[in-house]
Amino acid sequence: MDGMARDAAGIGALADPLRHRLYHFVCSQPAPVSRDQAADALDIPRHQAKFHLDRLESEGLLESDYARLTGRSGPGAGRTSKLYRRARRDIAVSLPHREYELAGRLMAEAIAGSAATGVAAVEVLHHIAHDYGRTIGDTAVNEGRRKPADAESALELAAALLTEHGYQPRRVDGEMQLANCPFHALAQQQTELACGMNHALISGVADALTPHSPCARLDPHPERCCVVLTSSATPRP
């Protein structure tokens with residue numbers, strides 16, 4: 001199960017009202033919660049609390065371990081209990097796919113880099129975004145994943161990689177347009193900043209596919225991402 005499917009399944013698990021209440025109870029407690037504590041708090045049978053808590057754990061919303069509630073060890077300390085706490089991973093689902101956490105991380109690194117070097121933050125951001133995209137491409141190539149043999153296969157591989165990151169490539173008139181911008185809301189408010197970051201990231205992916213790297217060009221359009229990819233064998237407009 002990929003990350004988005006797992007997140008969607010986790011959020012879907014909260015559709016059950018009782019499970020939703022159990023989740024919020026566990027999250028609101030200062031310490032991990034036992035099945036008995038959850039059952040008492042919600043006034044439900046212990047077996048019902050166990051079923052729903054374990055379901056929340058299996059969907060990645062809760063984590064658990066075992067401990068003695070008395071805090072003692074050794075003979076007479078009592079049996080261990082399974083204790084639940086909120087999962088430490090973040091869960092988010094958005095349709096269309098958005099990457100605002102990534103945008104924030106790249107921009108935070110750029111601001112820190114600018115402060116340390118005196119280079120303009122936007123210039124640093126472009127370098128960081130390009131390196132991020134280059135890592136995506138390098139990882140695919142180094143894993144032996146359809147190493148492109150020609151310009152057309154390089155364009156197809158770039159499209160496959162960008163699909164995994166939410167860009168929704170589509171072929172139109174011989175070029176690869178990107179139907180979705182993962183930084184959509186940012187692009188509405190800070191168009192130049194978001195488009196520059198997108199262009200740098202996608203160029204990084206393309207540059208990793210040498211010697212047949214696709215051409216990434218800025219071609220803003222209100223209904224899609226501002227970057228368009230063409231095969232290196234295709235004449236550029």
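Overview of values
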| quantity | calculated |
| --- | --- |
| Max mean-square fluctuation residue, GNM over the chain, Cα-Cα springs under 10 Å, options Arg98, Arg134, Arg86 | Arg86 |
| 26 Å tail of the calculated P(r), the range 100-230, as % of Cα pairs | 20 |
| Neighbourhood net charge (14 Å Cβ-Cβ; Lys/Arg +1, Asp/Glu -1) for His126 | -4 |
| Cβ-isolated cysteines (cut-off 4.7 Å), the chain | Cys27, Cys215 |
| Kirkwood Rh, Cα atoms: Rg over Rh of the range 83-168 | 1.09 |
| Tyr100, Tyr66 arranged by Cβ crowding within 10 Å, fewest neighbours leading | Tyr66, Tyr100 |
| Cβ-based net charge around His52, under 12 Å, with every Lys or Arg adding one and every Asp or Glu removing one | +2 |
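Readers should treat all values here as calculations from the given coordinates under stated rules, not as data from a laboratory. Everything numeric in this text was worked out from a predicted model, so none of it was measured. Here the Cβ is made from the backbone with ideal geometry for all residues, glycine too, and neighbour counts use every protein chain on show.
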